[in-house]
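Enquirer: I'd like to ask some things about the structure below.
Here, each number is a calculation from the coordinates, and none is a lab measurement. These numbers come from a predicted model, not from an experiment. Cβ placement follows ideal geometry from the backbone for every residue including glycine, while neighbour counts extend to all protein chains displayed.
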Amino acid sequence: MGQLLAITRAVSPAIARCELTHLSRVPIDPDKAAAQHADYERALERMGCAVRRIAAGQDLPDSVFIEDAAVVLDEVAIVTRPGAESRRAEAPGVAEALEPYRPLLVLEPPGTLDGGDVLVVGRSMFIGTSRRTNLAGIEQMRHIAAPLGYAVRPVSVRGCLHLKSAVTSIDDQTLLVNRAWAPLEELRGFKFLDVDPGEPSAANIVRVGTRLLYSASFPRTRARIERRGFDVTAVDVSELAKAEGAVTCCSLIFEESDCLSAA
Ligand code: CIR
């Protein structure tokens, strides 16, 4: 495997004005959130990623959650049109950061799609039909991804913000799921590992090669994953979680590719 890159975005000083859907607003300390974010980046580095951090959006409260602004495939990067109006201005800065690495494509109105709703496992691309991602957004993704060999599969998300709040992968065969939030029949073809019933938000985990990066807030689900023989690194992201962010949201991880220089 080539060098893994993790693109991150610094915590905005405006993070306390973030979008919230399922959580009540509580005070968020931007300095504490930034310190946790730096720990998260260091963990990614220890796990083998080269981390490139782009500047905070001073007036973009949610811009640390960079995953929502783009979907990076091996072949291309798709700059999204986020479902929340307040987040649309995040896209240009993310596009600029991705430009050296992939040909860029851009989703157009009336499509909306948050990267948090896109889960790629091998050649399966699950896309959540959430409050942030509409059918026009899914159709544009299908138009881009199907010719590249991805099977695009909509999943009806309920009770949580994004598809990846409900399900992520721990390897190419196994999904970590909260089955109350995503119907298993729409995810068929995979094995399932359920989150602990007392940890409903625990289905979000980051894969870095064969290793996993996880929130320290879910020790019981972490034990379930470790019992299956996985190497799990836990980080405290509790301040970022107050903004409804989870671990996948804070990076775009992909293999550095010479596809642009080869073109
Ligand atoms: C939002 O509501 O857009 C942010 N406060 C949280 C986004 C989290 N992103 C993600 O799960 N992919």
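Enquirer: Given a Förster radius of 41 Å and the C-beta distance between residue 156 and residue 35 as r, what FRET efficiency does 1/(1 + (r/R0)^6) yield to the nearest 0.05?
Expert: Working from the Cβ atoms, E equals 0.65.
Enquirer: A follow-up question, please. Which length gain, in nm to one decimal place, applies between residue 131 and residue 231 when the Cα-Cα distance is subtracted from 0.36 nm times their residue separation?
Expert: 32.7 nm
Enquirer: Amide H to amide H, which residues 5 or more places from residue 51 or on other chains are under 5 Å from it, using H placed in the peptide plane?
Expert: Amide H neighbours of residue 51, under 5 Å, 5+ apart: 6.
Enquirer: While we're looking at this one, here's another question. Tabulate in residue order the Karplus-calculated ³J(HN,Hα) for segment 140-156, using 6.51 cos²θ - 1.76 cosθ + 1.60 with θ = phi - 60°, rounded to whole Hz; enter x for Gly and Pro.
Expert: Going residue by residue, I get 5, 5, 4, 4, 7, 8, 4, x, 8, x, 8, 8, 8, 10, x, 10, 7 Hz, with x marking Gly and Pro.
Enquirer: Can you give the charge dipole size of segment 124-182 about its Cα centre, rounded to the nearest 20 debye, using +1 on the beta carbon of Lys and Arg and -1 on the beta carbon of Asp and Glu?
Expert: 280 debye
Enquirer: Charges at C-beta only: +1 for Lys and Arg, -1 for Asp and Glu. How large is the resulting dipole of the chain about its Cα centre, in Debye rounded to 20?
Expert: Details: 30 positive and 35 negative charges, 133 e Å.
Once rounded to the nearest 20, the dipole reads 640 debye.
Enquirer: What distance in nm separates the simple spin-label points at residue 20 and residue 256, each placed 7 Å from Cα in the Cβ direction?
Expert: Those two pseudo-labels are separated by 4.0 nm.
Enquirer: Also: Can you list residues from other chains, or at least 5 along the same chain, whose modelled amide H is less than 5 Å from the amide H of residue 176?
Expert: 168, 169, 170, 193
Enquirer: Another question, if that's okay. Using Cα pairs closer than 8 Å and at least 6 residues apart in sequence, work out the relative contact order for segment 25-169, in percent.
Expert: Over segment 25-169, the number comes to 18 percent.
Enquirer: Quick one: compute the contact order of segment 4-262, relative version, from alpha carbon pairs under 8 angstrom and 6+ residues apart, as a percent.
Expert: 23 percent
Enquirer: For segment 4-262, place one equal point scatterer on every Cα, skip the solvent, and apply the Debye formula. What is log10 of I(q)/I(0) at q = 0.12, 0.16 Å⁻¹?
Expert: -0.64, -1.26
Enquirer: Could you give the distance between the Cα centres of segment 21-42 and segment 65-138, to the whole Å?
Expert: Result: 23 Å between the Cα centres.
Enquirer: For segment 1-33, run through the trypsin sites (Lys or Arg not before Pro) and keep only the ones in DSSP coil with at most 16 other Cβ atoms within 10 Å of their Cβ.
Expert: Passing sites in segment 1-33 are 25.
Enquirer: Moving on. Given a Förster radius of 45 Å and the C-beta distance between residue 3 and residue 186 as r, what FRET efficiency does 1/(1 + (r/R0)^6) yield to the nearest 0.05?
Expert: 0.85
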